[in-house]
Amino acid sequence: RDLYTPGETVLVTGSLGIAARLANEALGVPLATVNLQPVALASVVSPPLFPTVRMRSWWPHWLRRLAYAFGGRFVMDPRIGPPLNAFRQELGLPPVRNIWFWKDSPQLVLNLFPEWY
């Protein structure tokens, strides 16, 4: 808060910069999320390759969306949601769900990796 100068400060964060996303929401600091690898993108057209879970090329898009929803609801949200939402409450912010999609800047997302990657 002390370093934020309205009209001059902009935050730039990686794909899991939850603290920057909180500052964006709580203080209104402009935010850009920078993804340096495609695994940060939840694409049903060209899904990323996770080390332990692989979406198959023959899966229909609805099944890929369901896989993302399952991972968010039963993997990411239960682990990150309780402490994140407790802190959000301290900041006077409402709780969030679907953290995988909430984490990115609502203003700007930059994907800075070559197409072959």
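Tabulated data
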item: Share of carbon and sulfur in the accessible heavy-atom surface of the chain [1.4 Å probe, %]; result: 62
item: Unit charges at the beta carbon, dipole of the chain: most positive-side option, Thr5, Pro47, Ser105; result: Pro47
item: The chain, accessible area per residue, ligands and nucleic acids excluded (1.4 Å, Å²); result: 68
item: Pairwise label distance in nanometres, Val53 with Leu110, each label 7 Å out on the Cα-Cβ vector; result: 2.9
item: Dimensions (Å) - the chain, Cα atoms, principal axes, largest first; result: 50, 33, 21
item: Hull shadow area, averaged, segment 63-112 [alpha-carbon convex hull, nm²]; result: 4.5
item: Kirkwood Rh, angstrom, segment 44-86 [1 / mean 1/r, Cα pairs]; result: 11.5
item: Rounded to the nearest 20 debye, dipole of the chain from Cβ charges on Lys, Arg, Asp, Glu; result: 580
item: Amide H within-cut-off set for Asn35, under 5 Å, with H built and near neighbours excluded; result: Leu110, Asn111, Leu112
item: Viscosity 0.890 mPa s, temperature 25 °C, Stokes-Einstein D of segment 28-67 from Kirkwood C-alpha radius, µm²/s; result: 208
item: Solvent-accessible surface (1.4 angstrom probe) belonging to Phe113, in square angstrom, nearest 10; result: 50
item: Calculated [θ] (222 nm, deg cm²/dmol) that DSSP helices of n ≥ 4 give over the chain, each run adding -39,500 (n - 2.57); result: -9500 deg cm²/dmol
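The values are calculated or read from the model by the stated rules, or taken from the named source; none is laboratory data. Computed from a predicted structure; not experimentally measured. Note that we place each Cβ from the backbone using ideal geometry, even for glycine, and neighbour counts take in every protein chain shown. These area figures cover heavy atoms from the full protein model, side chains too; ligands, DNA and RNA do not enter into them. Shrake-Rupley method; radii C 1.70, N 1.55, O 1.52, S 1.80 Å.
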